[in-house]
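In what follows, a single structure is set out as structure tokens and then discussed.
The values are calculated or read from the model by the stated rules, or taken from the named source; none is laboratory data. Bear in mind the structure is a predicted one, so any value in this text is a computation, not a measurement. Here Cβ is always computed from backbone atoms with ideal geometry, including for glycine, and neighbour counts include all displayed protein chains.
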Amino acid sequence: MRKLFRCDFHSCRIGNIAADCLLVLTRPSLTDTACSAAKGGVHAATVSMAMELGETGVRVNCVSPGAIDNGQRAIPRNANPLSAQEQEWMKGIYTQSLRDTPMNRLGQMEEIAAAICFFAAPEASYVTGQVLYVAGGGIG
């Protein structure tokens with residue numbers, strides 16, 4: 001992490017460090033081992049860095065979004081149309097996302113942005129080392 005920011009945290013005056021961590025951590029599966037481990041690392045690093053940097057005034061927090069309605073990609077991952085099997089797979093993911101979300105809807109990008117803005121706001125000046133799930137009640 002220190003190399004990522006290219007400075008010594010103790011001499012660099014960053015007001016707030018925010019991380020973004022998907023819910024894969026709380027819903028691991030056999031095919032998501034590496035991703036789940038990485039996301040768990042983000043959560044652990046959030047808490048550890050908050051403890052390490054607290055006395056310097058640097059706050060470290062994490063926003064963990066659930067399923068988000070982000071519309072169509074400007075640059076699609078695949079320029080070819082989805083096959084029938086892929087369309088069925090996507091429908092299954094959407095159905096599972098709604099089933100696993102108590103609010104029974106996808107989140108909006110603005111809701112994630114609002115959580116990040118909260119962490120950056122003066123009202124959160126005493127908040128550090130926290131993971132905020134913005135997931136409609138779904139955390140696993």
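Considering only segment 29-41, I want to know if a residue exists there that is at pLDDT 85 or above and either assigned to a helix (DSSP H, G or I) or buried (at least 17 other Cβ atoms within 10 Å of the Cβ) (or both).
So in segment 29-41, the residues at pLDDT 85 or above come out as 41.
Imposing the further condition that a residue be either assigned to a helix (DSSP H, G or I) or buried (at least 17 other Cβ atoms within 10 Å of the Cβ) (or both) reduces the set to 41.
So far as segment 29-41 goes, yes, one or more of its residues are at pLDDT 85 or above and either assigned to a helix (DSSP H, G or I) or buried (at least 17 other Cβ atoms within 10 Å of the Cβ) (or both).
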Just to be sure I understand the filter: pairs with C-beta atoms under 7 Å, separated by 6 or more residues or on different chains, first member in segment 120-140 and under 15 Å from Ser64 (Cβ atoms) and at pLDDT below 95, second member assigned to a loop (DSSP other than H, G, I, E, B) and of a type in the set (Gly, Ala, Ser). Which pairs pass?
Val134/Gly66; Ala135/Gly66; Gly136/Gly66; Gly138/Gly66
Does any residue of segment 108-126 turn out to be more than 23 Å from Lys39 (Cβ to Cβ), of a type in the set (S, T, N, Q) and not in a loop (DSSP other than H, G, I, E, B)?
no
Answer yes or no as to whether Ile68 is hydrophobic (A, V, I, L, M, F, W, C), exposed (fewer than 10 other Cβ atoms within 10 Å of the Cβ) and modelled with pLDDT of 70 or more.
no
Within segment 127-140, residues being assigned to a loop (DSSP other than H, G, I, E, B) and surrounded by 13 or more Cβ atoms within 10 Å (Cβ to Cβ) number 8
Residues of segment 43-82 that turn out to be under 17 Å from the mean Cα position of the chain (by Cα) and either more than 30 Å from Ala121 (Cα to Cα) or assigned to a loop (DSSP other than H, G, I, E, B) (or both), as a count:
3
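Keeping to segment 83-114, report how many residues are among the small types (Gly, Ala, Ser), surrounded by 11 or more Cβ atoms within 10 Å (Cβ to Cβ) and either over 17 Å from the mean Cα position of the chain (by Cα) or at pLDDT below 90 (or both). I'd like the intermediate steps shown before the answer.
Initial filter on segment 83-114 (among the small types (Gly, Ala, Ser)): 83-84, 92, 97, 107, 113-114.
Now restrict to residues that are surrounded by 11 or more Cβ atoms within 10 Å (Cβ to Cβ): 97, 107, 113-114.
Filter again for either over 17 Å from the mean Cα position of the chain (by Cα) or at pLDDT below 90 (or both), leaving 97.
The total comes to 1.
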